[in-house]
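I have placed the structure first, in the form of structure tokens, so that the comments after it can refer back to it.
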Amino acid sequence: MTKKISILVVDDESSVRDSLYNWFIEDGFEVACAEDAKTALQMLESEEFDIILSDIKMPGMDGLEMLKRIKNLKKDAIVIMMTAFATVETAVQALKEGAFDYVTKPFDPDDLTHLIRNASRQVSLMDENEKLKEKVISLENVEDLIGESEGMQKVLREIANVAQSSASVIINGESGTGKELVARAIHANSARRFFPLVSVHCGALSESLLESELFGHEKGAFTGAIYSRKGRFEMADNGTIFLDEIATISPKMQVELLRVLETRSFMRVGGNKEIKSDFRVICATNRDLKAMVDNGTFREDLYYRLNVVQINVPPLRERTGDIPLLAEYFIKKYCTSMNRPLMTIEPAAIRRLEEFPFPGNIRELENMIERAIVVGNGKRITLKDLPIEKTGVSYNVESLDDVEKQHISFILNKYNWNISSAAKALKVDRVTLYNKIRKYSLKQA
Amino acid sequence: MKPDSITLISFGSFEKKLLPEIVDDIARVTGVPVLYKEGFIDVGEYFCPERKQYDGNRLLHEIESNFATGTGKTIALFNVDLFIPILTFIYGQAFLNGRCGIVSGYRLRNEKYGLTADDKVFTERLIKEIIHELGHTFGLKHCLNPVCVMRSSTYVEDIDQKSSAFCGTCREIGSF
């Protein structure tokens with residue numbers, strides 16, 4: 001059933017209040033009246049009204065002052081100002097203060113009908129918009145983070161706790177555990193959710209490129225800077241900036257970043273104007289930042305500035321109970337995107353997945369399921385569709401770097417050292433892959 | 001509860017001769033016997049010199065105080081240009097769920113809009129407006145059904161487009 005539109009009439013003349021009251025009641029609206037601005041504001045503190053129709057000239061507080069205060073209480077309130085003494089100045093002022101419309105008394109009956117119809121349409125649109133936003137956010141939340149294990153539930157609780165504040169967050173976790181999804185969930189549940197979430201993959205960019213990415217640049221700042229460009233900090237105004245692979249940034253960038261975090265202001269590369277931006281910082285890393293601080297490769301002051309809240313995302317091998325759920329989710333996701341009937345997975349295949357240590361974590365599981373759907377019979381994923389036996393990583397390695405090196409080497413060989421294909425399979429960009437090849441001194445056999 | 005009668009009272013220059021012609025139509029739609037008579041008030045007292053119109057609110061209260069009696073419904077008929085403070089004009093108005101309403105024929109005539117006089121069209125518009133205001137006294141609000149008599153009308157063309165009958169929903173609400 002459609003919700004009844006509620007109208008608050010504010011006018012010091014009782015005949016006007018009564019006339020409007022009767023008119024709107026006959027039209028099926030819910031109507032309340034206030035004889036002055038003070039009473040109206042008191043009513044607005046305890047009750048919600050969709051439309052406020054107010055006189056401008058009233059004893060005590062006038063309608064324009066009341067309009068300002070209403071807008072402070074509720075930014076998107078629909079207020080229609082009316083007056084018997086119309087001047088262009090007051091009309092302009094009312095509209096500047098955020099009035100929805102401005103009308104002169106007495107109205108033509110048709111004008112009043114149109115006015116209220118337009119305002120009602122605006123109310124419905126705002127309602128619909130709000131519901132759609134909520135729906136999109138809830139879809140994001142539901143789809144993004146999957147897991148019933150204690151480790152994942154702890155992460156979800158931490159997200160809920162931290163989302164409402166503006167505190168900086170460091171998300172720790174191995175590669176492929178879903179750190180970016182955690183950052184998205186924090187942003188989507190925060191008051192900043194209607195503003196951008198800007199992601200920067202620090203590891204993929206050289207120092208000068210990262211500087212230009214983060215701060216933006218002015219035209220002519222360097223060779224190739226044909227246009228001035230906004231930086232990611234500027235783009236994230238009122239929203240959130242997500243700095244992935246924060247441990248990879250250079251000492252110079254660490255200093256720059258610390259300064260920005262302290263002052264929330266910066267200058268574009270080649271610019272001389274200070275730009276302010278209100279953003280929240282969420283960082284992610286797969287390295288132990290504290291250890292990096294201890295050995296002097298990461299600034300201590302920056303670490304403490306960033307590490308207000310720390311969320312540790314558990315690796316998949318520590319939450320094997322979530323594997324069936326995740327497998328089911330990815331099957332649904334890929335069957336839908338490939339326009340195929342929904343497939344099932346045999347219990348033996350699930351058991352095999354649960355036994356596998358997944359060095360690449362959820363990303364690896366996702367790739368495995370995608371592959372199984374492509375090579376499978378189209379109805380049921382079986383053991384033979386899973387590449388585990390043939391490609392299982394040997395686990396006589398200890399460090400994460402060793403695992404990463406081994407996995408990258410495997411993928412490169414699989415794609416005959418075609419960098420583009422290998423980068424695509426690894427879901428990293430080519431620069432990152434080249435950096436990793438250099439880092440691990442990988443060579444084609 | 002259904003009223004025992006509806007009374008139409010003509011005031012001032014309203015054509016009394018029309019009353020016998022319209023009572024049957026109103027009785028048929030409402031299912032209530034309709035009586036008619038002539039009333040006397042000094043309509044000039046309700047004239048507003050600033051607006052050069054007659055105050056609909058004050059007239060309605062006058063009818064409520066001195067002419068609406070018993071459990072019946074009363075509609076007062078005038079031939080003057082009615083207004084209420086917020087609107088430039090009204091065809092009529094009534095107390096929602098109340099005992100009385102007022103209707104004026106002043107803006108229902110073709111001549112008012114520079115067209116050829118048409119008594120049949122005028123009578124039809126008058127009947128619809130009387131039934132519309134009676135509907136309010138029965139507790140009915142404006143209806144979105146384009147042919148229901150309770151549809152809100154801001155122009156005479158709107159009145160011409162709707163019928164003189166209540167739609168199913170309004171009939172049910174008003175227990176006609």
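Count, please, the residues in region A:3-20 that happen to be buried (at least 19 other Cβ atoms within 10 Å of the Cβ) and more than 10 Å from chain B (Cβ to nearest Cβ).
4
Mind checking which pairs have a first residue in region A:286-305 that is closer than 23 Å to A:Gly178 by Cβ and touching a residue at least 40 places away in the same chain (Cβ under 8 Å) and a second that is acidic (Asp, Glu) and part of a helix (DSSP H, G or I), Cβ under 6 Å, 6 or more apart or different chains?
Partner pairs satisfying both residue conditions: none exist.
Would you mind finding the one in B:Ile102, B:Ile22 that is modelled with pLDDT of 95 or more, under 13 Å from the mean Cα position of the chain (by Cα) and among the aliphatic types (A, V, I, L, M)?
Numbers: B:Ile22 fails: modelled with pLDDT of 95 or more.
On inspection, the qualifying residue turns out to be B:Ile102.
Considering only residues of region A:31-56 that are among the charged types (D, E, K, R) and either part of a helix (DSSP H, G or I) or within 14 Å of chain B (Cβ to nearest Cβ) (or both), which is farthest from B:Gly92 (Cα to Cα)? Even if it seems obvious, please write down each step before you answer.
Start the filter on region A:31-56 by keeping residues that are among the charged types (D, E, K, R), which leaves A:35-36, A:38, A:45, A:47-48, A:50, A:55.
From what's left, either part of a helix (DSSP H, G or I) or within 14 Å of chain B (Cβ to nearest Cβ) (or both): A:38, A:45, A:55.
Numbers: A:Lys38: 34, A:Glu45: 37, A:Asp55: 25 Å.
Taking the candidates together, the pick is A:Glu45.
Being within 14 Å of chain B (Cβ to nearest Cβ) and farther than 21 Å from B:Ile159 by Cβ is the filter; apply it to region A:94-117 and report the residue that is surrounded by the fewest Cβ atoms within 10 Å (Cβ to Cβ). Step through it out loud before you land on a result.
Residues of region A:94-117 that are within 14 Å of chain B (Cβ to nearest Cβ), as a first pass: A:103-117.
Add one more test, that the residue is farther than 21 Å from B:Ile159 by Cβ, and what stays is A:103-105, A:115.
Numbers: A:Val103: 19, A:Thr104: 14, A:Lys105: 19, A:Leu115: 18.
Filtering first and then ranking leaves A:Thr104.
Quick one: which of B:Pro3, B:Pro20 is part of a loop (DSSP other than H, G, I, E, B) and either of a type outside the set (S, T, N, Q) or crowded, with 18+ Cβ neighbours inside 10 Å (or both)?
B:Pro3
So which residues in region B:36-56 are part of a strand (DSSP E or B), away from chain A (no Cβ under 13 Å) and acidic (Asp, Glu)? Walk me through it before giving the result.
At the first step, the residues of region B:36-56 found to be part of a strand (DSSP E or B) are B:36-38, B:47-48, B:53-55.
Keeping just the survivors that are away from chain A (no Cβ under 13 Å) gives B:36-38, B:47, B:54.
B:Glu38 - this is the single residue of region B:36-56 that is part of a strand (DSSP E or B), away from chain A (no Cβ under 13 Å) and acidic (Asp, Glu).
Is it the case that A:Glu346 is within 29 Å of A:Gly173 (Cα to Cα), surrounded by fewer than 21 Cβ atoms within 10 Å (Cβ to Cβ) and over 27 Å from the mean Cα position of the chain (by Cα)? Let's see the steps before the verdict.
On the way: within 29 Å of A:Gly173 (Cα to Cα): no; surrounded by fewer than 21 Cβ atoms within 10 Å (Cβ to Cβ): yes; over 27 Å from the mean Cα position of the chain (by Cα): yes.
Considered against the rule, which asks whether it is within 29 Å of A:Gly173 (Cα to Cα), surrounded by fewer than 21 Cβ atoms within 10 Å (Cβ to Cβ) and over 27 Å from the mean Cα position of the chain (by Cα), A:Glu346 comes out as no.
Mind checking which residues of region B:74-127 are away from chain A (no Cβ under 14 Å) and among the acidic types (Asp, Glu)?
Listed by number, the residues that qualify are B:Glu111, B:Asp118, B:Asp119, B:Glu124.
Just to be sure before I move on: is B:Gly139 at pLDDT 90 or above, surrounded by fewer than 17 Cβ atoms within 10 Å (Cβ to Cβ) and within 20 Å of A:Trp23 (Cα to Cα) in the structure I sent? Step through it out loud before you land on a result.
On the way: at pLDDT 90 or above: yes; surrounded by fewer than 17 Cβ atoms within 10 Å (Cβ to Cβ): yes; within 20 Å of A:Trp23 (Cα to Cα): yes.
The answer is yes for B:Gly139.
Select from region A:21-30 the residues that are in a loop (DSSP other than H, G, I, E, B) and either touching a residue at least 60 places away in the same chain (Cβ under 8 Å) or more than 7 Å from chain B (Cβ to nearest Cβ) (or both) and list them in ascending order.
A:Asp27, A:Phe29
Restricting to region B:128-146, name every residue that is assigned to a loop (DSSP other than H, G, I, E, B) and either facing chain A (nearest Cβ under 10 Å) or touching a residue at least 60 places away in the same chain (Cβ under 8 Å) (or both). Can you show your working first?
Step one: of region B:128-146, the residues assigned to a loop (DSSP other than H, G, I, E, B) are B:138-146.
Of everything in region B:128-146, those that are assigned to a loop (DSSP other than H, G, I, E, B) and either facing chain A (nearest Cβ under 10 Å) or touching a residue at least 60 places away in the same chain (Cβ under 8 Å) (or both) turn out to be B:Phe138, B:Leu140, B:Lys141, B:His142, B:Cys143, B:Leu144.
In region A:300-324, what residues are part of a helix (DSSP H, G or I), surrounded by fewer than 17 Cβ atoms within 10 Å (Cβ to Cβ) and either in contact with a Ser or Thr (Cβ under 9 Å, 6 or more places away or on another chain) or of a type in the set (Ser, Thr, Tyr) (or both)?
Going residue by residue through region A:300-324, those that are part of a helix (DSSP H, G or I) are A:300-306, A:316-318, A:320-324.
Going one step further and asking which of them are surrounded by fewer than 17 Cβ atoms within 10 Å (Cβ to Cβ), we end up with A:300-301, A:304-305, A:317-318, A:320-321, A:324.
If the condition is that a residue be part of a helix (DSSP H, G or I), surrounded by fewer than 17 Cβ atoms within 10 Å (Cβ to Cβ) and either in contact with a Ser or Thr (Cβ under 9 Å, 6 or more places away or on another chain) or of a type in the set (Ser, Thr, Tyr) (or both), then A:Tyr304, A:Arg305, A:Glu318, A:Thr320, A:Gly321 are the ones that fit.
Specify the residue that is nearest to A:Ser120 (Cα to Cα); the eligible residues are those in region A:59-90 that are assigned to a helix (DSSP H, G or I) and not aliphatic (A, V, I, L, M).
Just the residues of region A:59-90 that are assigned to a helix (DSSP H, G or I), to begin with: A:63-73, A:88-90.
Narrowing further to those that are not aliphatic (A, V, I, L, M): A:63, A:65, A:68-69, A:71-72, A:89-90.
Details: A:Gly63: 21, A:Glu65: 24, A:Lys68: 21, A:Arg69: 22, A:Lys71: 18, A:Asn72: 21, A:Glu89: 27, A:Thr90: 24 Å.
The residue in question is A:Lys71.
Restricting to region A:237-270, name every residue that is in a loop (DSSP other than H, G, I, E, B) and either surrounded by fewer than 16 Cβ atoms within 10 Å (Cβ to Cβ) or β-branched (Val, Ile, Thr) (or both). Reasoning before the result, please.
So in region A:237-270, the residues in a loop (DSSP other than H, G, I, E, B) come out as A:237-239, A:245, A:249-250, A:264, A:268, A:270.
Across region A:237-270, the qualifying residues are A:Asn238, A:Ile249, A:Ser250, A:Arg264.
Which condition number in (1) exposed (fewer than 15 other Cβ atoms within 10 Å of the Cβ); (2) more than 12 Å from chain B (Cβ to nearest Cβ); (3) touching a helix residue (DSSP H, G or I) at 6+ places or on another chain (Cβ under 7 Å) is the one that A:Leu67 fails?
(1)
May I ask you to say which residue of B:Phe78, B:Phe67 is of a type in the set (Phe, Trp, Tyr) and more than 26 Å from B:Lys112 (Cβ to Cβ)? Let's see the steps before the verdict.
Working: B:Phe78 fails: more than 26 Å from B:Lys112 (Cβ to Cβ).
Unique residue meeting the criteria: B:Phe67.
So which of A:Arg438, A:Arg430, A:Arg351, A:Arg380 ends up being in contact with an Asp or Glu (Cβ under 7 Å, 6 or more places away or on another chain), surrounded by fewer than 15 Cβ atoms within 10 Å (Cβ to Cβ) and modelled with pLDDT of 85 or more? It would help to see each step written out before you state the result.
On the way: A:Arg438 fails: in contact with an Asp or Glu (Cβ under 7 Å, 6 or more places away or on another chain); A:Arg430 fails: in contact with an Asp or Glu (Cβ under 7 Å, 6 or more places away or on another chain); A:Arg351 fails: in contact with an Asp or Glu (Cβ under 7 Å, 6 or more places away or on another chain).
Step by step, each of A:Arg438, A:Arg430, A:Arg351, A:Arg380 is checked, and only A:Arg380 is in contact with an Asp or Glu (Cβ under 7 Å, 6 or more places away or on another chain), surrounded by fewer than 15 Cβ atoms within 10 Å (Cβ to Cβ) and modelled with pLDDT of 85 or more.
The values are calculated or read from the model by the stated rules, or taken from the named source; none is laboratory data. Model, not experiment: these values are computed from the prediction. Heads up, the Cβs are rebuilt from the backbone with ideal geometry, glycines too, and the neighbour counts pull from every protein chain shown.
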